[in-house]
Amino acid sequence: MVEKLELAEPHLAGWLSSLGLGVEYIRSQGNTLFYRDDQGTDVPVLDLVGGYGSAILGHNNPEIVAYATSLLDQGTPIHAQFSRHPYANDLAWKINGILQREFGTDEHYSAVFANSGAEAVEVAVKHAELDRVMKLAELTAEIEAHLDEAREAVRSGARIATDGAADLLGPDAAPGDAGDIDGLLDAVRAANSKRVSARPVFLAPEGSFHGKLVGSVQLTHNVGYRTPFTALAAQCRFVPLDQPDALEKTVAEERRTVLDLTVEDGVVRLTERELPVICAFILEPIQGEAGIRVLDRAAVRRVQEVCATIDCPIIVDEVQSGMGRSGAFFASSHLGLQGDYYTLAKSLGGGIAKAALTLIRGSRYRTDFELVHSSTYAKDSFSTLIAGRTVDLLEADDGGAYRLATERGDQLLAMLGRLREEFGDIVKDVRGKGLMIGLEFHDQSESGSQIIRDQAQAGLLGYLFAGYLLRVHAIRIFPTASATNTLRFEPSVYLTDDEIALADKGLRDLIAVLRKQDGETLLHARA
């Protein structure tokens, strides 16, 4: 029998196999995945990846599976676009109720449905840009009305103040040109025409990750993901939030103005108006791919204050941190951060469906968006109803899942904290909140082992660790994408003490091998 040539991402498949990660899983339940060994025996693997945060209620949660089966048995209509979707409205109301409870607000948020986290981010970005463009159109129309008023005022005897006007007309203008209203109007329009064509700018913290689609990848700080596609989307300025004045400085550098004319007390004056060029500030309350980093509350407050001064909306990306993983439905609620947009996905689908949505503050919502954006599978009955059931399960028992995330997360953090205390020469840091935790190892780029050194210098050390833990201890764990010295822990809320003990044992063994600088064992050892 001729072996099939690998066509499905062949390079990635080969690389996974080289590290012992090229395993085919055949079933899953709770925090366990199963593969079949050469003897045909099912081998259980403790899964601490949790679908990169998508399985807050575990793999194949029995209640969600039973509900999904009943929906299919009933023939639920997957493709019924451009019709009423009351179940989507029900889900929007459920999440609005949670948002209002956690943030102490009575404002409503409209919901736009999507299929993935990156798509939910794209929805927020598109809506924010539509809002900016419409504000720009409103501003332009207002200025044009003011120019007409200025012309009529001058014709009725008003004078033109020369301050600013003479500079606008240029050094070659005749002394009386500042009093030429038509010339001044032409100069204002010409200057504004150039200024309003400025491309929008987004702001984000350093370390951000918001997806890999054409738009969202430009909001992702990792240059390896972003740089090849820079020409395809709006630019983003990345701000170091640990520097108190950095955001104010960045905003000052990006601010732009347009010209206007005002008439007061018989005098026409040239003025400047704020040009809406900074489209939005996007952030994750817990940065996932940057190494599981919880944002500082003071830094978040600075973001809110600075954005308020320029009416810049805040997009809160809760794709990975939301749906209860932090111990609350919205991780941003721990920081007192109420956004203008929220993006939700991953665990929203209960580990079964591909479900996502973007919440948009009612006071900012543009109904025109519904005419310029759509998605074939978004808001279908199957995924949306499963998302609704997932929210019900999270909210059951007065938010029992949130309490579990906190309690189980504290236990996991305590175990990892002990490793940090005992092996500080190997383990650099432990951080996170709830069941979104990172274990960071010290840099090994100067290791005495060529295998370890090469993997560290290539930025792949965490994957070397992942392969060892899977082969030797049947533990599945991966590093974060932009900080590969950090292993991420995102299991379900049903993580047991025995599973934490198994992780403890495997990590202690990994640390012992790393202390010996035994690269051969890390790369090749098997149970």
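The values are calculated or read from the model by the stated rules, or taken from the named source; none is laboratory data. A quick note: this is a predicted structure, and the numbers were derived from the prediction, not measured. Neighbour counts are summed over all protein chains in view; Cβ atoms, including those assigned to glycine, are modelled from backbone coordinates with ideal geometry. For accessibility, only protein heavy atoms count, side chains too; no ligands or nucleic acids. Shrake-Rupley method; radii C 1.70, N 1.55, O 1.52, S 1.80 Å.
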Test: residue in segment 225-234 that is free of Cβ contacts under 8 Å to residues at least 40 places away in the same chain and touching a strand residue (DSSP E or B) at 6+ places or on another chain (Cβ under 8 Å):
no
In the set Thr220, Thr250, Thr257, Thr227, which member is under 21 Å from Ile315 (Cα atoms), of a type in the set (S, T, N, Q) and either touching a His at 6+ places or on another chain (Cβ under 9 Å) or open to solvent by 40 Å² or more (accessible area, probe 1.4 Å) (or both)?
Thr220
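For every residue, the table says whether it meets (1) basic (Lys, Arg); (2) under 30 Å from Thr496 (Cα atoms).
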position	(1), (2)
Leu337	no, no
Ala345	no, yes
Arg361	yes, no
Glu370	no, no
Ile386	no, yes
Asp398	no, yes
Tyr402	no, yes
Looking at segment 493-504, can you tell me whether even one residue there is of a type in the set (Phe, Trp, Tyr) and either modelled with pLDDT under 95 or not in a loop (DSSP other than H, G, I, E, B) (or both)?
no
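This table checks each residue for (1) modelled with pLDDT under 95; (2) closer than 27 Å to Ala118 by Cβ.
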{"position": "Ala234", "(1), (2)": "yes, yes"}
{"position": "Gln243", "(1), (2)": "yes, no"}
{"position": "Gly266", "(1), (2)": "yes, no"}
{"position": "Glu284", "(1), (2)": "no, yes"}
{"position": "Arg302", "(1), (2)": "no, no"}
{"position": "Glu305", "(1), (2)": "no, no"}
Check segment 361-368 and report whether any residue there is under 22 Å from Ala405 (Cβ atoms), of a type in the set (S, T, N, Q) and in contact (Cβ under 8 Å) with a residue 24 or more places away in the chain.
no
Write out, first by first residue and then by second, each pair whose Cβ atoms fall under 6 Å of each other, whose residues are 6+ apart or on separate chains, and whose first residue, in segment 500-527, is closer than 13 Å to Ile451 by Cα while the second is outside any helix (DSSP H, G or I) and not aromatic (Phe, Trp, Tyr).
Leu514/Ile426; Gln517/Ser447; Gln517/Gly448; Gln517/Ser449; Gly519/Ser449
Checking Thr162 against (1) outside any helix (DSSP H, G or I); (2) β-branched (Val, Ile, Thr); (3) at pLDDT 90 or above, the condition it does not meet
(3)
Do we have Glu107 as assigned to a helix (DSSP H, G or I), open to solvent by less than 70 Å² (accessible area, probe 1.4 Å), acidic (Asp, Glu) and at negative phi here?
no
Do we find that Glu122 is touching a residue at least 24 places away in the same chain (Cβ under 8 Å), touching a strand residue (DSSP E or B) at 6+ places or on another chain (Cβ under 9 Å) and charged (D, E, K, R) in this structure?
yes
When you check Leu203 against the structure, is it part of a strand (DSSP E or B) and among the aliphatic types (A, V, I, L, M), yes or no?
yes
Quickly run through segment 406-444 and pick out the residues that are open to solvent by 20 Å² or more (accessible area, probe 1.4 Å), in a loop (DSSP other than H, G, I, E, B) and out of contact with any Asp or Glu (no Cβ under 9 Å at 6 or more places or on another chain).
Phe423, Gly424, Asp425, Asp443
Members of segment 384-403 found to be over 18 Å from Ala92 (Cβ atoms) and touching a Gly at 6+ places or on another chain (Cβ under 7 Å), listed by number:
Ala401, Tyr402
Residue under evaluation Ile315, criteria (1) buried (at least 24 other Cβ atoms within 10 Å of the Cβ); (2) touching a residue at least 60 places away in the same chain (Cβ under 8 Å); (3) in a loop (DSSP other than H, G, I, E, B), criterion not met:
(3)
Options Cys279, Cys236: the member that is closer than 30 Å to Val49 by Cα, assigned to a strand (DSSP E or B) and open to solvent by less than 50 Å² (accessible area, probe 1.4 Å):
Cys236
Got at least one residue in segment 485-492 being in contact with a strand residue (DSSP E or B) (Cβ under 8 Å, 6 or more places away or on another chain), acidic (Asp, Glu), open to solvent by less than 20 Å² (accessible area, probe 1.4 Å) and in a loop (DSSP other than H, G, I, E, B)?
yes
Do we find that Lys379 is over 27 Å from Asn31 (Cα atoms), open to solvent by 40 Å² or more (accessible area, probe 1.4 Å), touching a residue at least 12 places away in the same chain (Cβ under 8 Å) and of a type in the set (Lys, Arg) in this structure?
yes
When Ile286 is run through (1) under 30 Å from Pro479 (Cβ atoms); (2) open to solvent by 40 Å² or more (accessible area, probe 1.4 Å); (3) in contact with a Leu (Cβ under 8 Å, 6 or more places away or on another chain), the failure sits at (2)
Go through the residues of segment 516-523 one by one and say whether even a single one is surrounded by 16 or more Cβ atoms within 10 Å (Cβ to Cβ) and in contact with an Asp or Glu (Cβ under 7 Å, 6 or more places away or on another chain).
no
Output for Cβ contacts, cut-off 8 Å, separation at least six or different chains, first residue part of a helix (DSSP H, G or I) in segment 447-470, second of a type in the set (Val, Ile, Thr) and open to solvent by 10 Å² or more (accessible area, probe 1.4 Å), reads Leu461/Thr484; Gly462/Thr484; Tyr463/Thr484; Leu464/Ile451; Tyr468/Val513; Tyr468/Thr521; Leu470/Val23
How many residues of segment 39-82 are closer than 22 Å to Val23 by Cα and part of a helix (DSSP H, G or I)? The answer is 4
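Table: residues versus (1) assigned to a helix (DSSP H, G or I); (2) within 30 Å of the chain's Cα centre (by Cα); (3) not β-branched (Val, Ile, Thr).
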site	(1), (2), (3)
Val125	yes, yes, no
Leu130	yes, yes, yes
Ala137	yes, yes, yes
Ala141	yes, no, yes
Asp148	yes, no, yes
